[in-house]
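The values are calculated or read from the model by the stated rules, or taken from the named source; none is laboratory data. Remember, predicted model here, so these are calculated numbers, not experimental data. Glycine gets a Cβ as well: all are built from the backbone with ideal geometry, and neighbour counts include every protein chain shown. Quick note on the areas: whole protein, heavy atoms, side chains included, nothing else; ligands and nucleic acids left out. Shrake-Rupley method; radii C 1.70, N 1.55, O 1.52, S 1.80 Å.
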Amino acid sequence: MASEDIPDSWRAVLEPALQTDEARRLGGWLRAEEEAGKTIYPPRGERLAALALTPLDTVRAVILGQDPYHGPGQAHGLAFSVQDGVKVPPSLANIYKELENDLGLARPQTGNLTPWARQGVLLLNNTLTVEAAQAGSHAGRGWDAITDAATAAVADRAVPTVFILWGSHAAKKAGRIPALGRSDRHLVLQSPHPSPLSAHRGFFGSKPFSQTNAFLESRGLEPIDWAL
């Protein structure tokens with residue numbers, strides 16, 4: 001993964017991670033996989049969309065995902081989001097159900113979360129690529145160091161920020177970010193994952209959207225318009 005691929009606002013904070021052997025191996029491995037004819041999602045040009053759409057100095061909230069959707073036409077670089085016209089996946093459908101219950105907003109007809117990203121919601125997956133039909137196939141290949149560095153850069157800022165952690169995977173990732181553990185300027189919201197397998201264990205009723213806005217407003221910051 002070359003540094004020139006990184007959006008300008010993130011380049012300085014990610015440069016150390018990009019210079020590691022792990023990151024260099026990642027770039028070479030991805031090229032080899034594509035040259036071998038494997039389909040990788042999201043396509044080139046969209047893999048860093050979360051960073052491109054949400055510059056570092058605009059981040060107000062972070063939602064951590066695991067890895068991209070692995071079906072055709074779904075993933076476009078934002079955690080939990082799918083392209084316009086694509087059926088809303090089950091986890092996102094549950095996110096929308098909680099959005100309706102929490103804020104009274106009608107469930108969106110689109111699964112595209114780009115409007116959230118443009119308002120400062122960093123929709124960051126831990127792993128930014130995946131092989132078609134092979135969930136988790138690119139885990140452990142080198143993305144962790146880069147996405148850890150991005151999360152740490154947000155946590156290191158003086159700007160109060162909400163970190164929304166859904167599921168044990170997101171919680172473990174946050175545990176690798178020292179700045180979150182030593183700072184009381186941020187709000188960390190944890191709950192079970194919105195997957196149909198776990199949403200009824202505490203995701204429903206967790207009210208992440210209203211809690212996020214209440215925190216931001218309490219710090220004199222603009223709330224997020226969660227309507228889509």
Here the convex hull volume per residue of region 134-228, taken over Cα atoms and given in Å³, is 130
Most fluctuating of Gly111, Gly71, Gly120 in the GNM of the chain (C-alpha, under 10 Å) is Gly71
Result: in the chain the number of Lys pairs with C-alpha under 27 Å apart, spaced 8 or more or on different chains, is 8
SASA check, Glu217, accessible area w/ 1.4 Å probe, all protein chains in place, rounded to nearest 10 Å², comes out at 110
For the chain the mean separation of alpha carbon contacts under 8 Å (6+ apart) over residue count, i.e. relative contact order in percent, is 23
Per the rule of 0.36 nm per residue minus the C-alpha distance, extending Arg182 to Asp5 adds in nm 60.6 nm
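If each DSSP helix of 4+ residues adds -39,500 (n - 2.57) and the sum is divided by the residues in the chain, what number results at 222 nm, nearest 500 deg cm²/dmol?
Mean residue ellipticity, 222 nm, calculated: -11000 deg cm²/dmol.
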Check: C-alpha center region 1-48 vs C-alpha center region 107-132, spacing in Å is 18
Expected unfolding gain across Ala106-Lys207 under the 0.36 nm per residue rule, minus the alpha-carbon gap, is 34.8 nm
Once normalised by the length of region 1-130, the mean sequence separation of its alpha carbon contacts under 8 Å that are 6 or more apart gives a contact order in percent of 30
log10 I(q)/I(0) for region 41-169, Debye formula on C-alpha points only (no solvent), q = 0.09, 0.15, 0.17 Å⁻¹, two decimals, reads -0.24, -0.69, -0.89
One would report the antiparallel percent of DSSP beta bridges in the chain, rounded to the nearest 5, as 20
Per the Cα gyration tensor, the chain corresponds to an equivalent ellipsoid with semi-axes, largest first in Å, of 27, 22, 15
For Thr58, placing the label point 7 angstrom along Cα-to-beta-carbon and taking region 118-133, residues whose amide nitrogen sits under 13 Å are 118-123
Shape descriptor, region 15-97: equivalent ellipsoid semi-axes (Cα gyration tensor, sqrt 5λ, whole Å, largest first) stand at 25, 20, 10
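Could I get the Rg over Rh figure for region 19-66? Both from C-alpha atoms, Rh via Kirkwood, rounded to two places.
The Rg/Rh ratio comes out at 1.06.
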The long-range amide H neighbours of Leu165, using H built 1.01 Å from N in the peptide plane and a cut-off of under 5 Å, are Leu189, Gln190, Ser191
Per the charge dipole of the chain (beta-carbon charges, Lys/Arg positive, Asp/Glu negative, Cα centre), the residue among Ser206, Ala17, Ala49 reaching farthest to the positive end is Ser206
Within the set Thr114, Thr161, Thr39, GNM on the chain using Cα springs under 10 Å gives the largest fluctuation to Thr39
Among trypsin sites (Lys or Arg not before Pro) in region 24-103, those in a DSSP loop whose Cβ has at most 13 other Cβ atoms within 10 Å are Lys38, Arg44, Lys87
